[in-house]
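I have placed the structure first, in the form of structure tokens, so that the comments after it can refer back to it.
The values are calculated or read from the model by the stated rules, or taken from the named source; none is laboratory data. Just so we're clear, the structure is a prediction, and the values are computed from it rather than from any experiment. Note that we place each Cβ from the backbone using ideal geometry, even for glycine, and neighbour counts take in every protein chain shown. Quick note on the areas: whole protein, heavy atoms, side chains included, nothing else; ligands and nucleic acids left out. Shrake-Rupley method; radii C 1.70, N 1.55, O 1.52, S 1.80 Å.
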Amino acid sequence: MFFCILRRILGKFYFWTPGFGAALPASYIAILIERKSRRGLLTIYMANLATETLFRMGVSRGTITPLRHGEVFLFCVTAALFMFFFRNKDGLKGFTFSALKFIVGKEEIPTHSYVPEGAFVKKEIKIKHCEDLTQQRNFIAATKKMVDNICKNGPRHRCCKHYEDNCISYCIKGFIRMFSVGYLIQCCLRIPSAFRHLFTKPSRLLSLFYNKENFQLGAFLGSFVSIYKGTSCFLRWVRNLDDEVHALIAGSLAGLSMMFYRSTSISMYLASKLVETMYFKGIEAGKVPYFPHADSIIYAVSTAICFQAAVMEVQNLRPSYWKFLLRLTKGKFAVMNRKVLDVFGTEASMTFKDFCPELDPRYTVLSPERPIQKSWN
């Protein structure tokens, strides 16, 4: 509707009208219809996507020089600040706090009340009781006893709150746990595509369990947790205290784990979420003004930026979002006559060089170049 309205009002198309101009009012009206509980999530997603799109535009124009492993560096900074807020009382709330609690464990939350000396007395009694009960001589019991001894009798600082394990086993168990979670998540994501080939190519089912991406995500999550926990324990040993500042160092070092699973989308999303968190904390502290309907405005502008790229320079749009637009419009977004948009200098037809739309000569200024190729319908 706004696409046609702008065409009627202005009399012709300008660089900004087919994408940004039409999408801005349309997306603003759409977000007002959406439930308020979902507006924040949609805004974060689209702001993340728009930022990545602007970055790609800058790189293609030569105005921005990409930093090698820049997504890893961004993740290190984001992880450091997130973990610092996590370690502070009332630093994080809601889903973000619950997610970090699940990933790194409740042992790293500073609100636990504990007396280190009393904890060691408790553990000594428990260890003695376990030693009296485990007198079996079979191989399984002996192995279990050896593992328990390693976990319970190893080095543990008095400020550490992982009472069930020493510092070494605490880090190893954290790695194994989150590696398994990451591996299973990636397996579940591949289930739909694997079962489509269940009868035609049964061998494809092996890729469901043995795939490089499965191990990469597992290594990413596992190493993040183990590095964070290991660094936190090391700093407690060195400084002889448990300090929230440790989370900055541990979080930044743990961010290097993204080398196993480099993802610009994850880094950008978490950075956007961090900005949102800091903004709301600034509002609570009275240091940042509150802008009503800011989420709706940010969503509308972000969506308009992405639609501008979808019309003028698809090559700079995230491929997954372009596929989403094609599914949403049943392929109609790809049948624009982008060759006439090349005059704006964005190489709009780069991805559609072999496509020529079917046009009625009665309603065109120029005659169609050649017959239609319906490969995009």
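Descriptive notes on the structure:
- Restricting Glu313, Glu347 to residues that are open to solvent by 90 Å² or more (accessible area, probe 1.4 Å) and either over 17 Å from Met46 (Cβ atoms) or aromatic (Phe, Trp, Tyr) (or both) narrows the list to Glu347.
- Gly105 meets the conditions (1) open to solvent by 40 Å² or more (accessible area, probe 1.4 Å); (2) touching a residue at least 60 places away in the same chain (Cβ under 8 Å) in every case but one. The failed one is (1).
- For Ser272, the test of being open to solvent by less than 70 Å² (accessible area, probe 1.4 Å) and touching a Lys or Arg at 6+ places or on another chain (Cβ under 9 Å) is failed.
- Residues that are open to solvent by less than 40 Å² (accessible area, probe 1.4 Å) and not polar (S, T, N, Q) within the range 41-60 comprise Ile44, Met46, Ala47, Leu49, Ala50, Glu52, Met57, Gly58, listed in sequence order.
- Among the residues of the range 275-288, just one is outside any helix (DSSP H, G or I) and either charged (D, E, K, R) or open to solvent by 80 Å² or more (accessible area, probe 1.4 Å) (or both), namely Lys287.
- From the options Phe352, Phe260, residue that is among the aromatic types (Phe, Trp, Tyr), modelled with pLDDT under 90 and either within 22 Å of the chain's Cα centre (by Cα) or open to solvent by less than 60 Å² (accessible area, probe 1.4 Å) (or both): Phe352
- Selection count, the range 1-40, where residues are under 27 Å from the mean Cα position of the chain (by Cα) and open to solvent by less than 40 Å² (accessible area, probe 1.4 Å): 6
- Whether a residue is surrounded by fewer than 19 Cβ atoms within 10 Å (Cβ to Cβ) and modelled with pLDDT of 85 or more was assessed, and Thr63 passes this test.
- A residue that is at pLDDT below 90 and under 30 Å from Met312 (Cβ atoms) cannot be found anywhere in the range 91-99.
- Some residue of the range 291-314 being outside any helix (DSSP H, G or I), of a type outside the set (Gly, Ala, Ser) and touching a helix residue (DSSP H, G or I) at 6+ places or on another chain (Cβ under 6 Å): no
- Contact annotation: residue pairs with Cβ atoms under 6 Å, 6 or more positions apart or on different chains, pairing a residue in the range 30-43 that is in a helix (DSSP H, G or I) with a partner that is open to solvent by 50 Å² or more (accessible area, probe 1.4 Å) and modelled with pLDDT of 90 or more, are Thr43/Ile298.
- Filtering Leu241, Leu274, Leu235 for residues that are within 22 Å of Asp90 (Cβ to Cβ) and at pLDDT 85 or above leaves a single hit, Leu274.
- Scan of the range 315-348 for residues that are in a helix (DSSP H, G or I) and over 30 Å from the mean Cα position of the chain (by Cα), ordered by number: Arg338, Lys339, Val340, Leu341, Asp342, Val343, Phe344
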